[in-house]
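Have a look at the structure below, then the notes.
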Amino acid sequence: MAFSTQDRLSEPDIPGELAADLAVGVDRRARQLRLMLLAVAVTTAAVAFLEILAGFLFRESRAVGLGVAALGYAGLVAYLTSAIETIGRERVVAWVAALTLGLLGTATIIDPSLAPAMAIAALLPAVLVLPFLGGRAVGRTLLIAGVVGIGSVIAGELLPVGDRLPIEVTRGIAAMTLVVSYVFLLIFLWEVSRRMKATADDLRSIVAMSNDLARTMDPQLVGDRIARHIGQAVGASDCALSYWDQPADRVVTLGYFPPNRRNALMPSYALADYPATRVVLEESRPAIIDTGDPSADPHEVAYLASIQQRSMVIIPLIAAGTTIGTLELTSDRHGAFGPRDVEMATMLAAEAAMALENARLYDAIRHQALHDGLTGLANRALFRERVVRALDRSRGRDGRPFAILFIDLDDFKRLNDTLGHARGDDVLVAVARRVDESLRPTDMAARLGGDEFAVLLDDVADEELALSIAIRLADALREPIHLGEAAPAIAASIGVALSGNDVRETADDLLRNADVAMYAAKASSRGRAEVFRSTYRAEAAARSELAAELRGVEQRGELRLDYQPIVELVGGAVVGLEALVRWQPPDRPLLMPGQFIDLAEETGDIVPMGQWILRESCRQVREWQLRLGLPRLQVSVNLSARQFREHDLVHSIRTILAETELPPASLILEITESGLMQRTDGTISTLAELRALGAHLAIDDFGTGYSSLSYLERFPVDSLKIDRSFIAGMSASGERPAIARAIVELGRSLGLKVVAEGIEEPDQAAWLVSLGCPLGQGYLFARPLPPEEIDSLLSSDVQF
């Protein structure tokens, strides 16, 4: 229904046959046909009485016979007219035409003086049947009419004319018959012309609607245009076009005419509240309601009264044999919709249904093409299109500035690996919902791919406002997401880019700026959100250039290894070395791991680099073992989280050990705590395989991640490394970090070796010895040294 001013709770009295209901004071065409046929009967009866009277006065039996025949004809026509609803309009018209032709032929034979009038009158049946009968019936009638007309002319010439009637009477009756025939002929021709004009108008309406609908595939525009064309073609006051949403059991209004009444329109309504509409939809047949019908449902009458209308017709929209919606026409006149109106509306509704369904399907396909299938948000293509529009508007006279937020979830891959991809998708859906619910109606959210989202903030010129919105959004995303028994907490880094006055700035430039700002937020100590600065672009370009140079660095021989001794805190003997990589680009200063390892993790170059580090460190330590007679010397090599996820990690290490002939027990693989926790069950399996090789395993930077003692007990590791940040926490006043003490105690209780990193002061070493920590490394003993200096150190058998 179009308006919400009246609830319609009862089903209206819907007729079994729409035509029978329309015939009661509504069918204008049937009424006009009855009036014309009655006029023919009355006129014929009048002429018949005159013919009979003249026959009796002048004792002309042929005139009496003709009058009786005409009177019988008039009686039959009157009877057929009265029974038109029972017999049927088409059959009545056919029988009247046949009787008329029979009477004309009979009149010509009885009274040849009437031949000219009968020849003209023979055209009447042919004209009468044109609007009502099919092609073959019309053809037969025209043929018989031609025979009767020509026969009348011939009979008038050949048959003798009766001489008892005075010539004046004969001519008077003939003239009267001719005039009456001519008048009826003009009336019938006018009716045919009117019908043809109406048909032409209908065809013009169909063509106009088809041409108009060909210009757009937007469902809303298609609906409005259909409503306008059908409303104007039928002469309705209002016209509403609605779609049936069967899964939701609702009706959604897609088009309306006239537009100035749209404000009162309900966008959608529950079908359960409108049983009449449900009957139309389910039974695919129209329904008519008129306030002048005493049997009409009072709720329907009240509804029409509430919108100042008196009659309504609801027509089903049927596409490919399926009812997809309704066409609702209302009028402020009683009995406004006759058969032609319903037929016209039904005919237009058939085309409208196909156009509407095509537009809906096109819109669904377009929606799929421009929206993310998982979250329902706009995708990258649609988001970029909207940014382009926003740029065009911002450069106009009344343009509004705007901002773009680029959102990236922190450590989402770890969460995805830990919870599984299905739960990871659930997290993305929850994030999309939170982002969308945090925005204003004029803003727009999109998923660009993976765990990357974007937001278009409309009418935001203040940097502080844009940043505050971004921070508020980041805080909202930090709230735990409840997924059954799991409640993962996530974090997001957000980059902010504002539109400026640079006319050369493109949508891609703004998206790139927001992306660069997002990486700055990830690197920032405060995290969460950063506003783009021009310096970030240079930094991003430098980072991109560095990433390009990083690819293939191990093949070009630009990597080198330094080694830092690991010593016994009691006695000072060197028991192992930690291999530390350096990069020496040909045109740059020497780069330390902190300057390129994270980038290598992102690009994936850490995998071939890691293999080179493993192979080179194993080769070098094996050489020292053999040449210097140090068979117990061990080497510690860091495995990145990216390396640890490689499916062929164990095979690669086995191959390297075989190639270098290093005893597996001489290799210590250091894995960060966060890297171990990314895949719990898979991690335990991989660790077990590495342990089976004979290699030793250590957890690096222990205590800096999110320790899980239950998993630690299950991990087949050999040692823990205390992060240097806990050792540096020792103050000159004698304050001792509790975490370092706890790690040493934990290692002792689990039977693990403990290695302290970053020892720089003698009192730090002494305190660790008092705790029972056996091993350590740091500047107190030696800085990382190149192989030649380590060679000298090991050769001298130095004790620290």
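Conditions (1) touching a residue at least 24 places away in the same chain (Cβ under 8 Å); (2) β-branched (Val, Ile, Thr); (3) more than 24 Å from ARG136 (Cβ to Cβ), marked per residue:
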| residue | (1), (2), (3) |
| --- | --- |
| PHE56 | no, no, yes |
| ARG59 | yes, no, yes |
| TYR79 | no, no, yes |
| ILE84 | yes, yes, no |
| VAL93 | yes, yes, no |
| VAL96 | yes, yes, no |
| ILE110 | yes, yes, yes |
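Pairs please, first residue from segment 365-383 and among the polar types (S, T, N, Q), second anywhere and assigned to a strand (DSSP E or B) and open to solvent by 40 Å² or more (accessible area, probe 1.4 Å), Cβ atoms under 6 Å, 6+ apart in sequence or on different chains.
Short answer, once both residue conditions are applied: ASN379/HIS371.
Restricting to segment 237-258, and then to whatever is among the aliphatic types (A, V, I, L, M) and open to solvent by less than 50 Å² (accessible area, probe 1.4 Å), can you tell me which residue is nearest to ALA350 (Cα to Cα)?
It comes out as LEU241.
Looking at VAL127, is it open to solvent by less than 20 Å² (accessible area, probe 1.4 Å), in a helix (DSSP H, G or I), among the β-branched types (Val, Ile, Thr) and at pLDDT 80 or above? Full working, then the answer.
Working: open to solvent by less than 20 Å² (accessible area, probe 1.4 Å): yes; in a helix (DSSP H, G or I): yes; among the β-branched types (Val, Ile, Thr): yes; at pLDDT 80 or above: no.
No.
Out of LEU780, LEU794, LEU768, LEU746, report the one residue that is more than 14 Å from VAL567 (Cβ to Cβ) and either in contact with a strand residue (DSSP E or B) (Cβ under 8 Å, 6 or more places away or on another chain) or assigned to a loop (DSSP other than H, G, I, E, B) (or both). If you could, list the steps in order and put the result at the bottom.
Values: LEU780 fails: more than 14 Å from VAL567 (Cβ to Cβ); LEU794 fails: more than 14 Å from VAL567 (Cβ to Cβ); LEU768 fails: more than 14 Å from VAL567 (Cβ to Cβ).
Of LEU780, LEU794, LEU768, LEU746, the one residue that is more than 14 Å from VAL567 (Cβ to Cβ) and either in contact with a strand residue (DSSP E or B) (Cβ under 8 Å, 6 or more places away or on another chain) or assigned to a loop (DSSP other than H, G, I, E, B) (or both) is LEU746.
Name the single residue, out of those in segment 55-73 being among the aliphatic types (A, V, I, L, M) and surrounded by 23 or more Cβ atoms within 10 Å (Cβ to Cβ), that is farthest from the chain's Cα centre (by Cα).
That would be ALA63.
Quick check on LEU669: is it open to solvent by less than 50 Å² (accessible area, probe 1.4 Å) and either touching a helix residue (DSSP H, G or I) at 6+ places or on another chain (Cβ under 7 Å) or in contact (Cβ under 8 Å) with a residue 24 or more places away in the chain (or both)?
yes
Across segment 422-448, what is the total count of residues that are polar (S, T, N, Q) and open to solvent by 70 Å² or more (accessible area, probe 1.4 Å)?
Selection size over segment 422-448: 1.
Which of the following residues is over 25 Å from the mean Cα position of the chain (by Cα) and among the aliphatic types (A, V, I, L, M): MET347, MET354?
Only one candidate qualifies: MET347.
Do we find that ARG691 is in contact with a helix residue (DSSP H, G or I) (Cβ under 9 Å, 6 or more places away or on another chain), assigned to a helix (DSSP H, G or I) and either at pLDDT 90 or above or open to solvent by 30 Å² or more (accessible area, probe 1.4 Å) (or both) in this structure?
Against the criterion (in contact with a helix residue (DSSP H, G or I) (Cβ under 9 Å, 6 or more places away or on another chain), assigned to a helix (DSSP H, G or I) and either at pLDDT 90 or above or open to solvent by 30 Å² or more (accessible area, probe 1.4 Å) (or both)), ARG691 does not qualify.
Working only within segment 74-105, note down all residues that are closer than 18 Å to GLY151 by Cβ, buried (at least 17 other Cβ atoms within 10 Å of the Cβ) and out of contact with any Pro (no Cβ under 6 Å at 6 or more places or on another chain).
Scanning segment 74-105 gives LEU99, LEU103, LEU104, GLY105.
Look through LEU37, LEU71, LEU66 and report the one residue that is modelled with pLDDT of 85 or more, touching a helix residue (DSSP H, G or I) at 6+ places or on another chain (Cβ under 6 Å) and assigned to a helix (DSSP H, G or I). So that I can check it myself, show each step before the final result.
Numbers: LEU37 fails: modelled with pLDDT of 85 or more; LEU66 fails: modelled with pLDDT of 85 or more.
The unique qualifying residue is LEU71.
Being without any contact (Cβ under 8 Å) to a residue 40 or more places away in the chain and outside any loop (DSSP other than H, G, I, E, B) is the filter; apply it to segment 488-512 and report the residue that is most open to solvent (accessible area, probe 1.4 Å).
Ranking the candidates gives ARG512 first.
Given the conditions (1) over 24 Å from GLU558 (Cβ atoms); (2) outside any helix (DSSP H, G or I); (3) open to solvent by less than 50 Å² (accessible area, probe 1.4 Å), and given that VAL635 satisfies all but one, which numbered condition is not satisfied?
Every listed condition holds for VAL635 apart from (1).
Quick one: how many residues across segment 514-538 are in a loop (DSSP other than H, G, I, E, B) and open to solvent by 50 Å² or more (accessible area, probe 1.4 Å)?
Total satisfying the criteria: 4.
Show the residue pairs that are 6+ apart or on different chains and have beta-carbon atoms under 6 Å apart, the first residue being within segment 708-737 and under 18 Å from LYS753 (Cβ atoms), the second being open to solvent by 60 Å² or more (accessible area, probe 1.4 Å) and modelled with pLDDT of 85 or more.
If the second residue must be open to solvent by 60 Å² or more (accessible area, probe 1.4 Å) and modelled with pLDDT of 85 or more, the pairs left are PRO716/ARG691; SER719/LYS753.
Report yes if GLU282 is open to solvent by less than 30 Å² (accessible area, probe 1.4 Å), outside any strand (DSSP E or B) and acidic (Asp, Glu), otherwise no.
For GLU282, the condition - open to solvent by less than 30 Å² (accessible area, probe 1.4 Å), outside any strand (DSSP E or B) and acidic (Asp, Glu) - is not met.
So, in segment 425-457, how many residues would count as being of a type in the set (Asp, Glu) and touching a helix residue (DSSP H, G or I) at 6+ places or on another chain (Cβ under 7 Å)?
1
So which residues in segment 249-271 are part of a helix (DSSP H, G or I) and modelled with pLDDT of 80 or more? Spell out the reasoning first.
Residues of segment 249-271 that are part of a helix (DSSP H, G or I), as a first pass: 259-264, 271.
LEU271, the sole residue that qualifies.
Answer yes or no as to whether PRO787 is at pLDDT 90 or above and touching a strand residue (DSSP E or B) at 6+ places or on another chain (Cβ under 9 Å).
The answer is yes for PRO787.
Residue by residue, here is whether (1) of a type in the set (Phe, Trp, Tyr); (2) touching a Leu at 6+ places or on another chain (Cβ under 9 Å); (3) under 20 Å from LEU561 (Cα atoms) holds:
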position: THR603; (1), (2), (3): no, yes, no
position: GLN611; (1), (2), (3): no, no, yes
position: PRO631; (1), (2), (3): no, no, no
position: ILE653; (1), (2), (3): no, yes, yes
position: LEU669; (1), (2), (3): no, yes, yes
position: LEU676; (1), (2), (3): no, yes, no
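Scan segment 603-632 for residues that are exposed (fewer than 15 other Cβ atoms within 10 Å of the Cβ), touching a residue at least 24 places away in the same chain (Cβ under 8 Å) and of a type in the set (A, V, I, L, M, F, W, C) and report the count.
Final tally of qualifying residues: 1.
In the list ALA541, ALA600, which residue meets the criterion of being of a type in the set (Gly, Ala, Ser), farther than 18 Å from ALA698 by Cα, within 41 Å of the chain's Cα centre (by Cα) and surrounded by 20 or more Cβ atoms within 10 Å (Cβ to Cβ)? Please lay out each step first, then the result.
Numbers: ALA541 fails: surrounded by 20 or more Cβ atoms within 10 Å (Cβ to Cβ).
Just one listed residue meets the conditions, ALA600.
In segment 558-597, what residues are among the acidic types (Asp, Glu) and surrounded by 14 or more Cβ atoms within 10 Å (Cβ to Cβ)?
Scanning segment 558-597 gives GLU558, ASP562, GLU568, GLU578.
The values are calculated or read from the model by the stated rules, or taken from the named source; none is laboratory data. Please read all numbers here as calculations on a predicted model, not as lab measurements. Ideal geometry is used to build each Cβ from the backbone, glycine not excepted, and the neighbour counts take in all protein chains shown. With ligands, DNA and RNA removed, areas are computed over all heavy atoms of the protein, side chains included. Shrake-Rupley method; radii C 1.70, N 1.55, O 1.52, S 1.80 Å.
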